[in-house]
Amino acid sequence: MAEPYVEQVEYLDVLTKIDKKIGKKIGGSKPRGDVHRDGDYHKAVNVWIFTESTQELLLQKCADCKDS
């Protein structure tokens, strides 16, 4: 039987607002929920895969248990 899901606090590095392209860490990390609540900049990755021959687009979906 599968183990029950145990929510763990995920910490994100807080970045400066000056250089959004590179983003420099300002020396702190905060829980994911706090970063999103406060509107802090943080790094993120999205994956899109496009198959030209079939014109299919595959998008990454975050888990329902994560805030965004």
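Please treat every number below as a calculation from the coordinates, not as lab data. Here the structure is a predicted model, which means the values were calculated and not measured. Positions of Cβ are generated from backbone atoms using ideal geometry, with glycine treated the same way; all protein chains shown enter the neighbour counts.
Applying the Karplus relation 6.51 cos²θ - 1.76 cosθ + 1.60 with θ = phi - 60° to the stretch 48-61 yields 3J(HN,Hα) values of 10, 10, 10, 9, 5, 5, 10, 6, 9, 10, 10, 10, 6, 10 Hz, where x marks Gly and Pro. Ranked by the mean number of other Cβ atoms within 10 Å per residue, highest first, peptides 29-36, 52-59 order as 29-36, 52-59.
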